[in-house]
Amino acid sequence: MILFFHFHKAAGTTVIDAARAMGLRLPALHQNGHPLQDDGSPVVLAGKSRADVHSYFESIKSQGVQFLALEWDIPQFEYLVDIEDLKMCTVLRDPFKRAVSNFKMDSSNDWLYGRVFDFEDYFDCSAQHRSHNYYVRSICGLYGRDVEVGPRHIGYCAKFIAAMDVACCLETSDLRREFRKVGIEIAPGQHSNRHAENPPPAHLRDVFGHNSLEMYKDRFVAQNLADYYLYHSLGFKHNESVKR
């Protein structure tokens, strides 16, 4: 079975669509690969015990599931590494590019209900994908703006990445080559975007002007050093493997 950790706006839907195109069996109820319960709510594994996590995976494996994605929560990775025949993979994107893409998608699809007027407003929010250090917070299950990210969280995330069978940087990795290692064939030129970026609403047109969001980059990087440490360490790991 293949377990894909899907971070928002980091080529996740491309990987999921490739798995579906190959005919890999996904959970009977799912939203973009993330398993759902009978009432339509997401399956939540974060906070579950090792026994509960193992029981869940044994259950879906018995149903013939070959691929699933976790997008909204992540269990403790130590509970996953000893599950038999489980291949784990993920993709990280440059944190600023990911954040800009998420902002544009939410804005242009009118999911912000006119309450957000610039990029920094967008990140003044407790929603996980609109939080600073999104990768580290997601992997460690840190919710809420008042929960600080520290060195132990970065260390935990480094171990999480090391446990992956495939961990890619969107900007530097050859996704087709890397995902073949876990049995997923991404078609040449394949790029999926479930929610296309439409023209921005009137009150955000100036914000979306040519390179206007670049003015926020330096400040964003300073506020997301934990994510950048994780992202660059993954890029270094990739470059070293290529040299060998």
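The values are calculated or read from the model by the stated rules, or taken from the named source; none is laboratory data. Computed from a predicted model, the values in this text were never measured in an experiment. Note: ideal-geometry Cβ built from the backbone for every residue, glycine included; neighbour counts use all protein chains shown.
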Could you check how many residues of the range 137-174 are free of Cβ contacts under 8 Å to residues at least 40 places away in the same chain and closer than 18 Å to residue 4 by Cα?
4
Report every pair of residues separated by at least 6 positions or lying on different chains whose Cβ atoms are under 9 Å apart, first residue within the range 76-88 and charged (D, E, K, R), second at pLDDT 95 or above and assigned to a strand (DSSP E or B).
87/2; 87/3; 87/166
Which ranges mark the helices (runs of 4 or more DSSP H) fully within the range 26-122 that have 3 or more residues being in contact with a strand residue (DSSP E or B) (Cβ under 6 Å, 6 or more places away or on another chain)?
none
Tell me yes or no: at least one residue of the range 97-107 is surrounded by 20 or more Cβ atoms within 10 Å (Cβ to Cβ), at pLDDT below 95 and under 25 Å from residue 182 (Cβ atoms).
yes
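How many residues does the range 126-136 hold that are without any contact (Cβ under 8 Å) to a residue 60 or more places away in the chain and part of a helix (DSSP H, G or I)?
2
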Of the conditions (1) within 30 Å of residue 177 (Cβ to Cβ); (2) out of contact with any Gly (no Cβ under 8 Å at 6 or more places or on another chain); (3) not charged (D, E, K, R), residue 42 satisfies every one except a single condition; which number is it?
(1)
For residues that are among the hydrophobic types (A, V, I, L, M, F, W, C) and over 19 Å from the mean Cα position of the chain (by Cα), scanning just the range 32-54, find the one that is surrounded by the most Cβ atoms within 10 Å (Cβ to Cβ).
53
Filtering the range 112-130 down to residues that are hydrophobic (A, V, I, L, M, F, W, C) and out of contact with any helix residue (DSSP H, G or I) (no Cβ under 8 Å at 6 or more places or on another chain), which residue is modelled with the lowest pLDDT?
125
